[in-house]
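Q: A single structure is presented below for examination.
The values are calculated or read from the model by the stated rules, or taken from the named source; none is laboratory data. This is a predicted model, so every value here is computed, not measured. Neighbour counts run over all protein chains shown; Cβ positions are idealised from the backbone, glycine included. Only protein heavy atoms, including side chains, enter the accessible area calculation; ligands, DNA and RNA are left aside. Shrake-Rupley method; radii C 1.70, N 1.55, O 1.52, S 1.80 Å.
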Amino acid sequence: MKQNYSSIVILTGAGISAESGLSTFRSENGLWNHHRVEDVATIEAFQRNPEYVHEFYNELKPELLKAKPNPAHLAITKLQNEYPACVSIITQNVDTLHEKAKSHNIYHIHGQINQAVCLNCGQILETWGDVSTETVCPHCAVAGMMKPNIVFFGENLLFMDKVEKLLSTCDLFLSVGTSGVVFPAAAFVQTAKLYGAETFEFNLEKTSNNFYFDHHIFGKAGETLPKFVDDLLATKSGQL
Ligand code: OAD
């Protein structure tokens with residue numbers, strides 16, 4: 001670990017929310033072991049059967065609304081508040097646990113469960129309530145055009161302009177709790193590394209992306225990340 005970083009990017013995935021009680025996608029009990037991606041997470045599925053897709057995301061909402069941030073989310077907030085660098089969070093998670101942990105500079109590249117986007121006017125509706133094929137857009141007043149603001153396979157990621165800039169200018173890149181199998185997020189480490197960032201992976205195990213990581217820190221993010229942040233903060237105050 002270097003002594004000084006000026007721009008830190010943290011990519012988070014479902015594993016960071018696991019200790020908050022939320023399912024990951026590809027573990028034994030993961031969401032994609034109980035539901036077919038082709039039925040609920042592709043743009044074709046939404047075109048074919050929007051009622052079913054709305055229902056799937058509506059049913060996930062209560063659990064995500066109830067969930068509380070864990071020490072890994074809180075460690076990131078601490079880093080943002082106490083380390084003299086720009087610290088940005090690029091999250092693949094559609095939960096709002098970074099917001100609940102009072103973090104800032106959060107980019108939800110895969111969307112948010114508590115939002116719907118109007119396919120007629122492009123405006124976002126914020127709601128933890130149910131959204132359906134009958135929901136009326138509060139901005140353009142057209143009914144039946146709301147889509148969960150979840151990026152489906154086959155759609156563009158959100159905030160990519162900003163993300164590209166962050167990845168090409170950061171000097172420290174942390175990947176926390178993601179399996180690294182969904183692109184383009186899985187290749188963010190490659191971009192950061194090729195532009196000169198030092199790269200760390202926090203996971204229970206090595207992922208398929210490990211080639212581009214300089215360091216691997218194994219264990220639960222709720223344990224490993226707070227320690228890492230404290231060590232980083234100690235370098236700032238000259239304790240290490
Ligand atoms: P995955 O379910 O693919 O991977 C979760 C990763 O977290 C695995 O590598 C686990 O080993 C790791 N993990 C689990 N518990 C952990 C813990 N306590 N501490 C640290 N690591 C832990 O989830 P993602 O990589 O986030 O897209 O999946 C990427 C995308 O695939 C999601 O954003 C989702 C899905 O299709 C959309 O919904 C648009």
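Q: Probe 1.4 Å, all protein chains in place: accessible area of Arg26 in Å², nearest 10?
A: Accessible area of Arg26: about 110 Å².
Q: Another one. Could you give me the percent of Cα pairs per 10 Å distance bin for segment 48-94, shortest bin first, beginning at zero and ending with the bin that holds the maximum distance?
A: Each 10 Å bin holds this share of Cα pairs: 20, 35, 24, 16, 6.
Q: Let me know the shape class of segment 170-209, please: from the alpha-carbon gyration tensor, a ≥ b ≥ c as square roots of the eigenvalues, rounded when a/c is under 1.5, otherwise prolate if a/b is greater than b/c, or oblate.
A: Oblate.
Q: Order Leu79, Leu60, Leu158 by their accessible area, 1.4 angstrom probe, all chains in place, largest first.
A: Values: Leu79 0, Leu60 30, Leu158 55 Å².
Per-residue accessible area, sorted high to low, gives Leu158, Leu60, Leu79.
Q: Quick one: with all protein chains in place, what share of the accessible area of segment 1-135 is carbon or sulfur, to the nearest percent (1.4 Å probe)?
A: Percent of accessible area from carbon and sulfur atoms in segment 1-135: 50.
Q: Which value, in Å³ per residue, describes the convex hull spanned by the Cα atoms of segment 54-123?
A: Normalising the Cα hull of segment 54-123 by residue number yields 94 Å³.
Q: Could you size up the charge dipole of the chain around its Cα centre, putting +1 on the beta carbon of Lys and Arg and -1 on that of Asp and Glu, and report it in debye to the nearest 20?
A: In total the dipole reaches around 520 debye.
Q: Please work out the average accessible area per residue across the chain, using the 1.4 Å probe convention, and give it in Å².
A: In whole numbers, the chain has 48 Å² accessible per residue.
Q: Pop out the carbon and sulfur fraction of the accessible area of segment 143-204 as a percent, whole number, probe 1.4 Å.
A: Solvent-exposed carbon and sulfur of segment 143-204 make up 58 percent of the total.
Q: Out of all DSSP beta bridges with both ends in segment 57-213, state the antiparallel percent to the nearest 5.
A: Roughly 50 percent of the beta bridges in segment 57-213 run antiparallel, per DSSP.
Q: Further question: Per-residue ellipticity at 222 nm for the chain, helices alone: DSSP H runs ≥ 4 residues times -39500 (n - 2.57), over residue total, nearest 500 deg cm²/dmol? Please report the intermediate quantities before stating the final value.
A: Details: 8 runs with 76 residues, N = 240.
Only helices count here, giving -9000 deg cm²/dmol.
Q: Find the cysteines in the chain that fail to meet the 4.7 Å Cβ criterion with every other cysteine, and list them.
A: Unpaired cysteines in the chain: Cys86, Cys170.
Q: For the chain, with a Gaussian network of springs between Cα atoms less than 10 Å apart, report the residue from Pro148, Pro50, Pro184 with the top mean-square fluctuation.
A: Pro184
Q: Could you tell me what fraction of 2.2 N^0.38 Å the Cα radius of gyration of segment 148-240 comes to, as a two-decimal ratio?
A: Details: Rg = 14.7 Å, N = 93, 2.2 N^0.38 = 12.3 Å.
For segment 148-240, the normalised Cα radius of gyration is 1.19.
Q: May I pose another question? Can you compute the radius of gyration and Dmax for the chain, using only the Cα atoms, both in Å?
A: Rg and Dmax of the chain, Cα atoms, are 18.3, 59 Å.
Q: Also, I was wondering about something else. Lys236: accessible area at probe 1.4 Å, nearest 10 Å²?
A: For Lys236, the solvent-accessible surface is approximately 100 Å².
Q: Now for a separate question. Do the alpha carbons of any pairs in Lys78/Lys236; Lys162/Lys227; Lys66/Lys220; Lys102/Lys147; Lys100/Lys220; Lys147/Lys193 sit beyond 24 Å of each other, and which pairs? Don't jump to the answer; show the numbers that get you there.
A: Numbers: Lys78/Lys236 13 Å; Lys162/Lys227 29 Å; Lys66/Lys220 21 Å; Lys102/Lys147 27 Å; Lys100/Lys220 20 Å; Lys147/Lys193 35 Å.
Violating the 24 Å limit, Cα to Cα: Lys162/Lys227; Lys102/Lys147; Lys147/Lys193.
Q: Still on this structure: So which GluC sites (Glu not before Pro) in segment 183-240 pass both tests, a DSSP loop state and at most 12 other Cβ atoms within 10 Å of the Cβ?
A: In loop regions of segment 183-240 (DSSP not H, G, I, E or B), the sparsely surrounded GluC sites (Glu not before Pro) are Glu205.
Q: While we're here: Which shape class, rounded, prolate or oblate, goes with segment 11-95 when its Cα gyration tensor gives a ≥ b ≥ c as root eigenvalues, a/c under 1.5 marks rounded, and past that a/b bigger than b/c marks prolate?
A: It is prolate, given that a/c is not under 1.5 and a/b is the larger ratio.
Q: Any idea what angle helix 221-236 forms with the longest principal axis of the chain, computed on alpha-carbon atoms, 0 to 90 degrees, nearest 10?
A: With rounding to tens, the tilt is 50 degrees.
Q: How big is the charge dipole of segment 1-134 about its Cα centre, in debye rounded to the nearest 20, if each Lys and Arg gets +1 on its Cβ and each Asp and Glu gets -1 on its Cβ? Mind showing how you got there, number by number?
A: Working: 10 positive and 15 negative charges, 139 e Å.
In debye, rounded to 20, segment 1-134 gives about 660.
Q: Shifting gears a bit: Protein chains only, probe 1.4 Å: how do Phe183, Phe218 rank by accessible area, largest first?
A: Output order, biggest surface exposure first: Phe183, Phe218.
Q: Shifting gears a bit: Please give the helix 160-169 orientation as an angle from the longest Cα principal axis of the chain, in degrees from 0 to 90, rounded to the nearest 10.
A: In the chain, helix 160-169 runs at an angle near 10 degrees to the longest axis.
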